[in-house]
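This report refers to the structure that appears directly beneath it.
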Amino acid sequence: MTSGRRKLWRSPPFSACFAAEGEVATRRGGSHERGGQRNSNLPHLAPRPTGPASGNLRRAADRPAETNGDRDTTMAIVLYHHPFSRAANTVWMLEEVGVGYELKFVDIMAGDQKKEDFTKLNPMGKLPLLVDGDTVVTESAAIGLYLADRYAPGRLAPKLDDAARGTYFRWSLFAPSVIEPGSMAKAGNWEFSPGSAGWGNYDDMIATMESAISGRDFVLGKEFSMADVIFGGTIAYMLDFKMLEPRPSFTGYAARVKARPAYAKSEARNKAVMDERGIKVPGA
């Protein structure tokens with residue numbers, strides 16, 4: 001918090017210490033509840049402050065027609081969204097790609113993500129959920145990789161014949177497959193064999209995270225990519241909630257990814273939904 005004002009934070013990236021995708025945690029009397037179970041270790045959940053908000057959700061028709069080579073991208077991508085879910089970060093992905101999109105509000109506080117019309121698209125009953133024509137994509141990292149390959153190849157994703165795709169995929173998938181469960185295990189004091197767990201030892205995980213960005217601006221070097229939205233967004237969020245040691249390599253990297261204009265636009269877009277829907281920050 002700064003200047004006596006409560007600082008707002010955007011939605012959590014992983015479920016052990018944060019609300020799960022499509023779920024909500026609320027603060028009551030210094031502890032949090034999720035799914036009927038209390039957890040005193042959960043940090044305060046809320047979106048970060050953002051700039052001026054437009055108020056109304058934009059359709060692709062409200063934007064200039066955009067193209068990607070010969071592909072017409074004027075038809076709106078639909079993102080099923082709530083600003084207190086991982087879908088908030090998906091908005092950043094969409095803003096980086098620069099195609100038209102529409103937000104379809106899902107009232108996760110009322111459990112709408114578990115209703116039949118939603119679970120027909122995603123049986124997990126979780127956000128984010130992205131629909132692009134006849135294509136349905138779930139899972140945050142998968143959505144980011146899909147968007148970059150389809151709409152920003154060579155810009156946000158290395159081209160198919162570029163060996164850098166190996167590094168790109170490595171760190172994009174390291175976030176959900178290692179950082180998230182590894183942090184869950186640490187916060188929950190899980191008992192497990194590091195040799196049997198895909199995320200291994202926590203200290204090794206932290207050292208590996210640092211190796212991805214030490215001595216470079218982004219995971220691919222000087223070039224920003226969708227991997228930095230996925231991997232970098234997770235690191236930035238963990239730092240904000242003091243879930244990660246603020247090593248200079250982490251804090252410098254987080255500052256660089258958060259300086260992206262698309263990041264600021266996504267924060268404003270999420271805040272606009274909060275304002276339009278009258279959504280209040282838990283505990284505020």
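The values are calculated or read from the model by the stated rules, or taken from the named source; none is laboratory data. Predicted model only: the values in this text are computed from it and were never measured. Note: ideal-geometry Cβ built from the backbone for every residue, glycine included; neighbour counts use all protein chains shown. Heads up: the accessible areas ignore ligands, DNA and RNA and are worked out on the full protein's heavy atoms, side chains in. Shrake-Rupley method; radii C 1.70, N 1.55, O 1.52, S 1.80 Å.
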Quiz item: If you bin every alpha carbon distance in the stretch 83-150 into 5 Å steps from zero, what whole percent lands in each bin?
Solution: 3, 16, 30, 27, 15, 7, 1
Quiz prompt | Nearest-0.05 FRET efficiency for residue 275 and residue 196, computed from C-beta distance (R0 45 Å) | solution = 0.45
Quiz item: Ignoring ligands and nucleic acids, what accessible area does residue 256 show with a 1.4 Å probe (Å², nearest 10)?
Solution: 80 Å²
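Under a 1.4 Å probe, what is the accessible area of the stretch 151-284 per residue, stated in Å²? Before the final figure, lay out the partial values.
Working: 6240 Å² over 134 residues.
Heavy-atom SASA per residue in the stretch 151-284 reads 47 Å².
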Self-check item: Estimated FRET transfer efficiency when R0 is 35 angstrom, pair residue 163-residue 109 (beta carbons, to 0.05)
Solution: 0.15
Exercise. Just check the stretch 109-233 against the gyration tensor rule for me: Cα atoms, a ≥ b ≥ c as the square roots of the eigenvalues, rounded for a/c under 1.5, and otherwise prolate or oblate depending on whether a/b exceeds b/c.
Key: oblate
Quiz prompt | Extension gain (nm, one decimal) between residue 247 and residue 173, 0.36 nm per residue minus Cα-Cα | solution = 24.4 nm
Quiz item: Counting only the heavy atoms of the protein chains, how much of residue 150 is accessible to a 1.4 Å probe, in Å² to the nearest 10?
Solution: 90 Å²
Exercise. Just grab the label-to-label distance for residue 256 and residue 121, each label 7 Å out from Cα along the Cβ direction, in nm (one decimal).
Key: 3.5 nm
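Please report the carbon-and-sulfur percent of the accessible area for the stretch 126-208; probe 1.4 Å, protein heavy atoms only, DNA, RNA and ligands left out. Can you show the working numbers first?
Values: 2070 of 4040 Å².
The computed percentage sits at 51.
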